[in-house]
Each structure stands twice: as C-alpha cells, then as structure tokens.
1. Inspect the range 34-46 for any residue being at pLDDT 95 or above, in contact with an Asp or Glu (Cβ under 9 Å, 6 or more places away or on another chain), over 30 Å from Glu104 (Cα atoms) and assigned to a helix (DSSP H, G or I) and give the result as yes or no.
2. Val51: in a helix (DSSP H, G or I), under 34 Å from the mean Cα position of the chain (by Cα) and either closer than 30 Å to Ala111 by Cα or not hydroxyl-bearing (Ser, Thr, Tyr) (or both), yes or no?
3. Could you list, in sequence order, all residues of the range 28-48 that are within 21 Å of Thr99 (Cβ to Cβ) and open to solvent by 50 Å² or more (accessible area, probe 1.4 Å)?
4. Between a residue in the range 79-90 that is closer than 16 Å to Ala49 by Cβ and any residue that is open to solvent by less than 50 Å² (accessible area, probe 1.4 Å) and among the basic types (Lys, Arg), which pairs come within a Cβ distance under 8 Å, given they are 6 or more apart or on different chains?
5. Just name the residue that is nearest to Met27 (Cα to Cα) out of those in the range 100-111 that are open to solvent by 50 Å² or more (accessible area, probe 1.4 Å) and not hydrophobic (A, V, I, L, M, F, W, C).
6. Which of the residues belonging to the range 54-113 are under 30 Å from Ala35 (Cβ atoms) and among the aliphatic types (A, V, I, L, M)?
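The values are calculated or read from the model by the stated rules, or taken from the named source; none is laboratory data. Worth saying up front: this structure is predicted, and the values here are computed from it rather than measured. Backbone-built Cβ (ideal geometry, glycine too); neighbour counts: all protein chains shown. The accessibility values were calculated without ligands, DNA or RNA, using every heavy atom of the protein model including side chains. Shrake-Rupley method; radii C 1.70, N 1.55, O 1.52, S 1.80 Å.
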Amino acid sequence: MAEKDGGAAHGAAAQVGDQMKAAAEAMQATGQKAAASGAELGMRMLDQAEVNAREAFAAMRAAASAKDVGDVMRIQGEYLREQGSRSMAQAREIAEMITGFGREAISQMTAKR
C-alpha cells in the first residue's frame, strides 16, 4: 500500500511539474510575441510620424510660396483639416493593432491550458 501511495504522489508531482513547464513555455511564447508586437507597433508609429512630418513640410512650403495672406490662411485651414482626419485614422489604426495584439495574447494564454 505504501508503494501505491508513493507512486500516486510521484505521478501527481510529475503532473504538476508538466503543468508548470507548459505554463512557463506559454508565458515565454507570449512574451516573445509581445516583444514582436511592440516592435511592429513602434515601426507603424514611426511611419505615421514620417507621413505627418512630410505633410507639415509640404504645407509650410505651400504657405511660404503663397501670394497673399488669404492663400496662407486657406493652406493652413486645409492642412489642419487634413491633419485632423489623418490623426483620427492613425489613432484608429494603432488602437486596432493594440486590440489585435491583446486578443492574440489572450488566445495564446488560454489555448495552452
């Protein structure tokens, strides 16, 4: 009977060890994916900043070559309108990326159980 109890305890300990190992592997995979997602998010934000800077310089060039104050005001108004739309689209894109990364991380953690 003592042998049975010892075997059961050994089996339970092995099962707990396997579960801990699987959880550690799942966390490691999730961490690696999070790092890759962070890099992807950072690159996308840099791309957006580059577009915004390019558009700002284009507007400044146009304003510098304007014939009168009315043209400058029109150029600035157009730039602000376009930048507002662009900012909303960019924020939406980043939010969708973050939401997708979150969903993916949750599914990785729950699928490995």
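1. no
2. Working: in a helix (DSSP H, G or I): yes; under 34 Å from the mean Cα position of the chain (by Cα): yes; either closer than 30 Å to Ala111 by Cα or not hydroxyl-bearing (Ser, Thr, Tyr) (or both): yes.
Spelling it out, Val51 is indeed in a helix (DSSP H, G or I), under 34 Å from the mean Cα position of the chain (by Cα) and either closer than 30 Å to Ala111 by Cα or not hydroxyl-bearing (Ser, Thr, Tyr) (or both).
3. Initial filter on the range 28-48 (within 21 Å of Thr99 (Cβ to Cβ)): 29-48.
Those that are within 21 Å of Thr99 (Cβ to Cβ) and open to solvent by 50 Å² or more (accessible area, probe 1.4 Å): Gln32, Lys33, Ala34, Ala35, Ala36, Ala39, Glu40, Met43, Arg44, Met45, Leu46, Asp47.
4. none
5. First, the residues of the range 100-111 that are open to solvent by 50 Å² or more (accessible area, probe 1.4 Å): 103-104, 106-111.
Those left that are additionally not hydrophobic (A, V, I, L, M, F, W, C): 103-104, 107-108, 110.
Numbers: Arg103: 15, Glu104: 13, Ser107: 12, Gln108: 9, Thr110: 11 Å.
In this case the residue turns out to be Gln108.
6. The first filter runs over the range 54-113 and keeps only residues under 30 Å from Ala35 (Cβ atoms), leaving 54, 86-113.
Residues satisfying the conditions are Met88, Ala89, Ala91, Ile94, Ala95, Met97, Ile98, Ala105, Ile106, Met109, Ala111.
Yes/no per residue for (1) open to solvent by 40 Å² or more (accessible area, probe 1.4 Å); (2) not in a loop (DSSP other than H, G, I, E, B):
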residue: Ala62; (1), (2): no, yes
residue: Ala66; (1), (2): no, no
residue: Gln83; (1), (2): no, yes
residue: Glu93; (1), (2): yes, yes
residue: Ile98; (1), (2): yes, yes
